[in-house]
1. Working carefully through the options ILE72, ILE51, ILE28, find the one that is surrounded by 11 or more Cβ atoms within 10 Å (Cβ to Cβ), touching an Asp or Glu at 6+ places or on another chain (Cβ under 7 Å) and part of a helix (DSSP H, G or I).
2. I'd like the full set of residues that are in a helix (DSSP H, G or I), charged (D, E, K, R) and either on the phi > 0 side of the Ramachandran plot or loosely packed, with under 15 Cβ neighbours inside 10 Å (or both), limited to segment 115-138.
3. Considering each residue of segment 91-102, count those that are surrounded by fewer than 15 Cβ atoms within 10 Å (Cβ to Cβ) and either of a type in the set (Gly, Ala, Ser) or closer than 21 Å to ASN55 by Cβ (or both), and give that number.
4. For segment 42-54, indicate whether the set of residues that are of a type outside the set (S, T, N, Q), in contact with a Leu (Cβ under 9 Å, 6 or more places away or on another chain) and under 20 Å from ALA126 (Cα atoms) is non-empty.
5. Residue by residue through segment 111-140, note down the ones that are among the basic types (Lys, Arg) and over 16 Å from the mean Cα position of the chain (by Cα).
6. Among the candidates LYS123, LYS87, LYS135, single out the residue that is basic (Lys, Arg) and farther than 30 Å from ILE22 by Cα.
Amino acid sequence: MKCDSAVIIGIIGLLFTVIQFIKDILIIRRQTLKEYFEKGDSIEHQHNRFIIRHNDKKFEEYKEDEEFMTAISSTVQFFEYWSRLQKLGYLPLSAFKDSSGIGACKMYEVLEEYICERRKDNKFYACNFEWLCKKINKRYKKNFDI
């Protein structure tokens, strides 16, 4: 009898632990999602996107422009970081369902020449960013047909 009650108490304890674990994961994902949108809407990131989108030079022409190269590097790092968190499951793919996904994929296209140039020295440069864009396009391509 004592053994049965110990097993039942153990099972109840395990259930509470599992429920708390799931709750903690959901809280972390919600916080990560909130942080992603806050960082993406920051003045610095908006400024970097503006600099990149309003420049029609080829890579060789802008290599000497320090502000432009900083904007590119920061933007790639931004998307590489969030891509990695998505890959690890901390950021839901649904964060990229609408305009955020369109923006990420278009930004990758704009930066692809720069990324390819950097991959000559580091073959893994922005690989998570590329992976994310492929995943976004596969999952949400129909949403992007504007």
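The values are calculated or read from the model by the stated rules, or taken from the named source; none is laboratory data. Quick caveat: nothing in here was measured; it's all calculated off a predicted structure. Don't worry about glycine lacking a Cβ; one is built from the backbone with ideal geometry, like all the others, and counts go over all protein chains shown.
1. ILE51
2. Matches in segment 115-138: GLU117, LYS134, LYS138.
3. Of the residues in segment 91-102, 2 are surrounded by fewer than 15 Cβ atoms within 10 Å (Cβ to Cβ) and either of a type in the set (Gly, Ala, Ser) or closer than 21 Å to ASN55 by Cβ (or both).
4. Among the residues of segment 42-54, at least one is of a type outside the set (S, T, N, Q), in contact with a Leu (Cβ under 9 Å, 6 or more places away or on another chain) and under 20 Å from ALA126 (Cα atoms), which makes the answer yes.
5. ARG118, ARG119, LYS120, LYS123
6. LYS123
Yes or no, residue by residue, for (1) modelled with pLDDT under 85; (2) closer than 18 Å to TRP131 by Cα; (3) of a type outside the set (Lys, Arg):
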| site | (1), (2), (3) |
| --- | --- |
| LEU14 | no, no, yes |
| GLU35 | no, no, yes |
| GLU61 | yes, no, yes |
| PHE78 | no, yes, yes |
